[in-house]
Structure formats: structure tokens, C-alpha cells
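Trainee: Let me give you the structure first, and then I'll get to my questions.
Since every read-out is calculated from the coordinates, none of them should be taken as a lab result. Small disclaimer: the values here were computed from a predicted structure and weren't measured. For neighbour counting, all protein chains shown are included, and Cβ atoms are generated from backbone atoms with ideal geometry for every residue, glycine included.
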Amino acid sequence: MIYLKEISLQTRRDILRMIHNAKSGHPGGSLGSTEYFIALFYKIMSFQTKKIEGKEEDMFFLSNGHISAVLYSVLARKGYFSIDELTKFRTINSRLQGHPSVYEKLPGIHVASGSLGQGMSVALGAAQAKTIYNDSYLSYSYHGDGEINEGQNWEAILYAGAKKVDNYIATIDYNHQQIDGNTDKVMHLGNIKMKFESFGWQVLEETKGNCINSVIKILQKAKKKAKKGKPICIILHTEMGHGVDFMNGSYQWHGKSPNDEELKKALHQLPETIGDYDK
Amino acid sequence: MINDSYKKELKETRAGFGEALLELGRNNERIVALCADLTGSLCMKRFSEEFTERFFQVGIAESNMIGMAAGLAIGGCIPFTGTFANFSSSRVYDQIRQSIAYSEKNVKICASHAGISLGEDGATHQILEDIGMIKMLPGMTVINTCDFSQTYKATLAISKSEVPTYLRFGRPSVPNFTKNHDFKIGKGIVLTEGNDVSIIATGHLVWESLKAYKTLVEEGITCDIINIHTIKPLDEELILQSIEKTGCVVTAEEHNYLGGLGESIARILVNHLPKPQEFVAVNDTFGESGKQIELIKKYKIDKTSIVKKVKRVIKRKKVEL
């Protein structure tokens, strides 16, 4: 597991360097979700072909597309494309759009996301296709907590529970922050666990969403509970901006790029491990 | 030329969709269908009963339906979604834009009860803006069929096209006059030939144009009547050929004149062949409750309006000569 911790450190460096280079992007959620992405792509999901159809392999759907930086870093480091391409993040003529897109044919992306609330429906559809084709692999999706303000999620949550879509694992990034502030203030989410349960879901909760071992364990547990008649939701408590002391827990870093000095300060806290991508 | 015998065979446009979908289901295992609590209205009941594992009842939740269709398409299925045109377009515009058009998903959005001819339900259920909305999305094919047979053939054709498609059709029973016409996406159909004016029509206005033809012939006016069922991509070659010959055009559609077929044709004329054009379309307003026949008269999208616009455009052509 020490190795995965090193990758997490490197991923956080990638995220900050990419956003700093583009002078735009969303560091807060990306840093807070790093352990989930590392766990999912290194330990949980099975994928070989890396094709858009995702047949005979697990599939992942990022619904809150603004945390694209973490996804791109992990995809690159898992060999979907060259890590040098990370320098193109949010620049013109690039496959690494501000929000993920399939238009430029970036491997690893199945659908565009960014306009919030659409990913769960798409991931559900992909799960249903797997059922039709007797494909035993799973569909995974990731969502911001603020994102579940969007009504389409609740259509999807109702559908998945009512129709018992059980080859699907959704994770909510519960960092309690959205653009305008604390989720309790902007739009109180109430008891998310009970809400999902009342819609017929199996809900798992992990309070240590930035501990790689805990995230791996909860995902493994979720995987074991799959195909037992219920869709699965993981409520993953994370810290926005985790890993950088001046970003920790603050919604101020939802969508702000660090300046030169801030980058230097942040990278100092995150030593290079498996190697930076070249500028 | 179309003869009067077709008038006797009135058939529901939407039923053509239901029949073709069933046939597709039987012949192609990739075909799946989703419906938002309107299986009867969309004629999808038989498909839902015969292919229980390939039919998805999503309830009254159109956004989720569009998203799920995108996901099913990713997995290799060819999803057909079914609900009223209003709920297939304006209600789910962002879902179509991001999850289908921008994401290039092979989803067939099948939109019934389009235009004002849904009648009594009124403006909340009628839609006169959908062609404009959907044609503006890059990569979308937009088709508006005119009768049972054309809807049937279009449904079969779009299953093979592998591109995101919006198939728009109406509810009322209309003469089934395209039985013997080939259907090819993007290819217009010449129904009558003449020299004085081109009438280019789509959807239910095709039959109204044919009705106008009789009156016009009696007054010594001959016309090309062209059925453009595919609004995007548009059969520019056929349209330009006809207008080059006749020197003027009337476009006819059950849609707002803003954003519809008429505007697409105006754009080609401005670029290639500036000639007088008149629009038979709804004049930038919402619909209302009423019988179909009353509504198309009030909103000036009937045979009488076509005849009037034809005369006006011919007059303009002479002045501008």
C-alpha cells in the first residue's frame, strides 16, 4: 500500500501543476477525491481493452466533471495516454478539455460530463447494457455532494432502486462543500444515507475518504454486495483540498488555480515520488 | 403524382413508429426501447410485451431516460426513446446536448405528438420549437415524417445510421400516401413537378401542400412539391435544383417559422441562390386547445395559407424580375 500512497502524492502534484499551468481548474474536489481514484483504478476495477464500449470490463463514469484533473492524471498514469499530455490540460487543441469529453477521443472517457447531475443516468444505462449482454462486470460512478441538488439524480436514484439495478456502485464525494459554501447552508442535504436507503439502495459509509486503505476496503465491500438485488451507494467523507494545508476543507479552492508562490508552497508539502510529467 | 384514393386510407403517423420498432426488435437484438410512461401513446406496448428485457419503463422521468439511453448506447445497444415531442426536446435539451450530441451517442429520440395538431391538450403539450432546438446541436440528424408509411420507413432507416437522431412525428390520422416512396435519410422526395413555384414541405404540411396543388392547378399554376423529411442534413442539391427552375419557393411546416425548415432553406438561398421565399409556419407564438382542423386554420398552416403564399411569392418573383 505504500506504493499507492506514493502514487497519491504524485497525482496531487499532477493536479496542482496542471491547474497552475492552465491558470484555471478545480483543485479542491480533485485533491479530495485522489484516494478514491487511485483505489478504483489500481485496486478495484478490471479493465483491459480500455475501449469506449467497456465490454467485458468494469466501467467508470465521472459525473462531477469539473474534477477532471484527478481523472486525467490517473488515466495517464494507468497508461490510457501519455503523461506528457497532462501539460495540455485546458489548453487549445487539446484532448484534455476543462470538463471531460469524448469529442476529442480521449481514451478512458465514455461520456461528456460537467453540466451536473447527468452521470448517474448514463452509468445506470451502461449497467443495464451489461445485464442485457450477460456481461458480469460493474458500472461505477462518482458524484459531488452539491451535485445531488440536481433533480435528475433523484430520477435515477428512484429508477435504480425500483428496478433493482444491482451491478452498479455510485459514490458520493461528501466533502460538505459547494461553490457558494457549506452544503448545509447552500442546500441542506439532510440524511443522505436514509434518503438513498428509502429509495431501495444498499448504502455504505466511509468516514476516512482520504485514507487509501479505508477507501480500498469500502470499495471491496461494495463490490461484494453487488448483484444482491440492490444498487449500491458509498457515502465517502472526504476533505476538499486534502494534502495541501492552506486548501484543506475550504470551498474557496473549489475552482481556483494556485499562483506561482502557492504552487511552490503546495508542492513542498507533496514530495515528488514516481516522477513529475515533463513540462 | 398522388391521387385521391389515398384519402380513404387514414392512418396514425405514430403507429408507423410502433410497427417498425416491433419489427426492429424482432430482427436486431441491439435494439432497446425506453419510454416515460407513454407506451400507449407512442404505440410501444407490443415491443414492451414482446421484449421485456430490452424495454425500459422509466416512469415520468425524461431526463433520466435520455441519460440512460446514452449509457445503453455506450454499451452497444441502439436505444429508441419514446415520449411526446415537447418532453423529447425542450424538457431534456441539456441532457441531449451533453450526454448524446456532444458525446456522439447513437440514440434515437422518437418524438410523437409534435406540432399543434395534438389539439385539445393545448400549448403545454404542443411544441413548435423543437426542430430549431435540435437542429442547432452539432451532429444531430433531424427527421420530421408526414404519414404512417414514412414514419415506419424512417424508424427502420435510423436504426442503421449509427448517429444521434431526432425523429419527429405527429399524432393525428392522416392519409397514408407515401406507401410507394423510397425513404433515404437526407434525400428529399419530389411529389409533383411544375414550373411556377417550389413548395417545400415537411411533416403534416406535405398533405396540405398536395391539397393546395389541386386548387393551384385549377388556377393554372404548376408547382414542384418536394417533401423534405430530413431537415438535417438537408438535401441542398434537390432544393436548389428545384428553385433554380421555378424561381421562388414556399416552405411549409408545423413549426415556428423561427428555427424551422424554412429558415434552413432561407440560409441556403442566401448563400447560393437568392430568390423570393414565403413561409407557411406558425408566427412566433404558442399554440392553444382546439381541434386539429381549427388550429391549422387559425395558425395559418393549412392548404388555404399555402395557396395564398404561393400566389404572393409568384407575384414577388415577377416584380423582382
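Trainee: If you rank A:R95, A:R13, B:R312 by fewest surrounding Cβ atoms within 10 Å, what's the result? Intermediate results must be reported in sequence, preceding the final value.
Mentor: Numbers: A:R95 18, A:R13 24, B:R312 14.
In order of increasing Cβ crowding within 10 Å: B:R312, A:R95, A:R13.
Trainee: Put a dot 7 Å past each Cα toward the Cβ at B:M136 and A:Q269; how far apart are the dots in nm?
Mentor: Going from the A:Q269 label point to the B:M136 one covers 4.4 nm.
Trainee: Specify whether the C-alpha gyration tensor of region A:1-119 places it in the rounded, prolate or oblate class, a ≥ b ≥ c being the square roots of the eigenvalues: rounded for a/c under 1.5, otherwise prolate if a/b is larger than b/c and oblate if not. Don't jump to the answer; show the numbers that get you there.
Mentor: Working: a/c = 1.43, a/b = 1.05, b/c = 1.36.
Cα axes put region A:1-119 in the rounded bin.
Trainee: To continue, here is another question. Tell me, what HN-Hα J-couplings in whole Hz come from the Karplus equation 6.51 cos²θ - 1.76 cosθ + 1.60 at θ = phi - 60° for each residue of region B:188-195, using x for Gly and Pro?
Mentor: For region B:188-195, the Karplus-derived couplings read x, 10, 7, 9, 9, 10, x, 10 Hz, x marking Gly and Pro.
Trainee: Can you list the trypsin sites (Lys or Arg not before Pro) in region A:174-237 that are in a DSSP coil and have 11 or fewer other beta carbons within 10 angstrom?
Mentor: Taking region A:174-237 and a limit of 11 other Cβ atoms within 10 Å, the loop trypsin sites (Lys or Arg not before Pro) found are A:K228.
Trainee: Tell me which aspartates and glutamates have Cα within less than 12 Å of A:K224's Cα, excluding those fewer than 8 residues away on the same chain?
Mentor: Partners found: A:D166.
Trainee: Shifting gears a bit: Can you tell me which aspartates and glutamates have their Cα less than 15 Å from the Cα of A:K208? Leave out same-chain residues fewer than eight positions away.
Mentor: Within reach: A:E35, A:D173, A:E239.
Trainee: Sticking with this structure for a sec: Using Cα-Cα distances under 8 Å and only pairs 6 or more residues apart, what relative contact order does region B:15-170 have, in percent?
Mentor: The value is 25 percent.
Trainee: Additional query: Around A:S24, what is the net charge, scoring Lys/Arg as +1 and Asp/Glu as -1 over all other residues with Cβ under 9 Å from its Cβ? Don't skip to the answer; put the middle values down first.
Mentor: Numbers: positive: A:K23, A:R90, A:K256; negative: none.
Neighbourhood net charge equals +3.
Trainee: Same structure again: Just to confirm a number: summing +1 for Lys and Arg and -1 for Asp and Glu over residues other than A:M120 whose beta-carbon lies under 12 angstrom from that of A:M120, what do you get? Before the final figure, lay out the partial values.
Mentor: Numbers: positive: none; negative: A:E147, A:E150, A:E155.
Around A:M120, the charge tally is -3.
Trainee: Let me ask another. At q = 0.05, 0.10, 0.11, 0.13 Å⁻¹, what log₁₀ I(q)/I(0) does the protein assembly as shown have when each alpha carbon counts as one equal point scatterer in the Debye sum?
Mentor: The computed values of log10 I(q)/I(0) come out as -0.26, -0.86, -0.97, -1.18.
Trainee: Whose amide H sits under 5 Å from the amide H of A:S141, counting only residues 5 or more places off or on another chain, with H placed in the peptide plane?
Mentor: Counting only residues 5 or more places away or on other chains, the set is A:F61, A:I169, A:A170, A:T171.
Trainee: Order these by the 10 Å Cβ neighbour count, fewest first: B:C223, A:C211, B:C146.
Mentor: Numbers: B:C223 27, A:C211 15, B:C146 32.
In increasing order of surrounding Cβ atoms, one gets A:C211, B:C223, B:C146.
Trainee: OK, next. Using θ = phi - 60° and the Karplus curve 6.51 cos²θ - 1.76 cosθ + 1.60, what whole-Hz ³J(HN,Hα) does each residue of region B:19-36 get, with Gly and Pro shown as x?
Mentor: For region B:19-36, the Karplus curve yields 5, 5, 4, 4, 4, 4, x, 6, 9, 9, 6, 6, 6, 10, 10, 10, 9, 9 Hz.
Trainee: Additional query: Arrange B:V142, B:V163 by Cβ neighbour counts within 10 Å, fewest through most, would you? All intermediate terms of the calculation are to be shown ahead of the outcome.
Mentor: Numbers: B:V142 27, B:V163 16.
Ordered from fewest to most neighbouring Cβ atoms within 10 Å, B:V142, B:V163 come out as B:V163, B:V142.
Trainee: Then there is this: With N set to the residue count of region A:2-268, report its C-alpha Rg divided by 2.2 N^0.38 Å to two decimal places.
Mentor: 0.94
Trainee: Can you tell me the convex hull volume per residue for region B:189-312, based on C-alpha atoms, in Å³ to the nearest whole number? Mind showing how you got there, number by number?
Mentor: Details: hull volume 11.5 nm³, N = 124.
Output value, Cα hull per residue: 93 Å³.
Trainee: For region B:15-57, what class follows from the C-alpha gyration tensor (a ≥ b ≥ c being the square roots of its eigenvalues): rounded when a/c is under 1.5, otherwise prolate if a/b is larger than b/c, else oblate? Before the final figure, lay out each step's value.
Mentor: Numbers: a/c = 2.01, a/b = 1.20, b/c = 1.67.
Because a/c hits 1.5 or more and a/b fails to exceed b/c, region B:15-57 counts as oblate.
Trainee: Any lysines with Cα under 30 Å of the A:K279 Cα? List them, leaving off those in the same chain fewer than 8 positions away.
Mentor: A:K5, A:K23, A:K43, A:K50, A:K51, A:K78, A:K88, A:K105, A:K256, A:K264, A:K265
Trainee: Same structure again: Taking H as built 1.01 Å from N, whose amide H comes closer than 5 Å to the amide H of B:V32, not counting residues under 5 places away?
Mentor: Here the answer is B:I78, B:F80, since their amide H atoms fall under 5 Å of that of B:V32.
Trainee: Counting other Cβ atoms within 10 Å of each Cβ, which chymotrypsin sites (Phe, Trp or Tyr not before Pro) in region A:76-160 have at most 11 and sit in a DSSP loop?
Mentor: Working: sites: A:Y80, A:F81, A:F89, A:Y103, A:Y133, A:Y137, A:Y140, A:Y142, A:W154, A:Y159; in loops: A:Y80, A:F81, A:F89, A:Y103, A:Y133, A:Y137.
Qualifying residues, ordered by number: none.
Trainee: Taking θ as phi - 60°, what are the ³J(HN,Hα) couplings along region A:14-23 by the Karplus curve (6.51, -1.76, 1.60), each to the nearest whole Hz, with x for Gly and Pro?
Mentor: Coupling constants for region A:14-23: 4, 4, 5, 5, 4, 5, 5, 5, 7, 6 Hz.
Trainee: Around B:C223, which amide H atoms from residues at least 5 apart in sequence, or from another chain, sit under 5 Å from its own amide H, with H modelled in the peptide plane?
Mentor: Excluding prolines and chain starts, which carry no amide H, the hits are B:G194, B:N195, B:D196.
Trainee: Further question: Looking at chain B from every direction and averaging, what is the projected area of its Cα convex hull in nm²?
Mentor: Numbers: hull surface 60.0 nm².
Seen from a random direction, the Cα hull of chain B projects 15.0 nm² on average.
Trainee: How about region B:1-101: which GluC sites (Glu not before Pro) there lie in a loop by DSSP and see at most 16 other Cβ atoms within 10 Å?
Mentor: Working: sites: B:E9, B:E12, B:E19, B:E23, B:E29, B:E49, B:E50, B:E53, B:E62; in loops: B:E9, B:E29.
Here the GluC sites (Glu not before Pro) that fit, given the DSSP loop and packing criteria, are B:E9, B:E29.
Trainee: So, one more: Mind checking the log10 I(q)/I(0) for region B:103-185 at q = 0.12, 0.16, 0.18 Å⁻¹? Debye, one equal scatterer per Cα, no solvent, two decimals.
Mentor: Summing over Cα pairs of region B:103-185 leads to -0.37, -0.64, -0.80.
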